[in-house]
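Notes to accompany the following structure.
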Amino acid sequence: MKRGEIWVGNFNPSRGREIGKIRPVLIIQSDELGEDITPMVAILPLSTQIYSAFKRWRVTIPARGRLLKPCQVVTDQPRALDRARFGEGPLATLTQAEMAAVEKSLLAVMGML
């Protein structure tokens with residue numbers, strides 16, 4: 001797993017309004033934090049529900065590779081998943097420009113802009 005790759009992650013079980021089910025996730029953790037250092041991986045979930053009203057906090061990624069539908073990176077729900085919760089991947093890899101947009105949105109969500 002590398003930063004900027006999209007993999008399949010399992011969010012079950014979810015609680016309340018948390019994102020649930022099996023879905024694509026974007027790896028945002030530094031590549032230096034490998035399996036030998038931590039069993040957890042920092043991710044952002046993706047959703048096929050595109051909300052244009054959230055464009056400041058969500059980045060739309062077009063379908064490509066094994067990512068079959070356009071998705072939005074849900075930067076307002078960062079998570080850490082155990083490596084055992086990952087399925088197939090990578091489905092696609094973000095460009096540098098897309099990763100920069102994700103980082104900017106994540107900073108906005110955290111109130112750091």
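The values are calculated or read from the model by the stated rules, or taken from the named source; none is laboratory data. Just so it is clear, the model here is predicted, and its values are computed rather than measured. Heads up, the Cβs are rebuilt from the backbone with ideal geometry, glycines too, and the neighbour counts pull from every protein chain shown. These area figures cover heavy atoms from the full protein model, side chains too; ligands, DNA and RNA do not enter into them. Shrake-Rupley method; radii C 1.70, N 1.55, O 1.52, S 1.80 Å.
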Of every hundred units of 1.4 Å-probe accessible area on the chain, the number belonging to carbon and sulfur atoms, as a percent, is 54
Count the net charge of all other residues whose Cβ sits under 10 Å from the Cβ of Leu44, scoring Lys and Arg as +1 and Asp and Glu as -1.
+1
Arrange the peptides 71-77, 86-92 so that the one whose residues have, on average, the most other Cβ atoms within 10 Å appears first.
71-77, 86-92
A correct Stokes-Einstein calculation for the chain, using the alpha-carbon Kirkwood radius, 10 °C and 1.306 mPa s, returns a whole-number D in µm² s⁻¹ of 112
Using the Cβ atoms and a cut-off under 15 Å, what net charge is assigned to the surroundings of Thr93, where Lys and Arg are +1 and Asp and Glu are -1?
0
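Can you tally the net charge around Leu33? Count Lys and Arg as +1, Asp and Glu as -1, for every other residue whose Cβ sits under 13 Å from the Cβ of Leu33.
Result for the local shell: -1.
If I take every Cα pair under 8 Å that is 6 or more residues apart in the chain, average their sequence separation and divide by the length, what percent do I get for the relative contact order?
Relative contact order here is 30 percent.
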Give me the 1.4 Å probe accessible area per residue for the chain, excluding ligands and nucleic acids, in Å².
60
Take Gln77 and Thr38, extend 7 Å from each Cα along the Cα→Cβ direction, and tell me the distance between the two endpoints in nm.
2.1
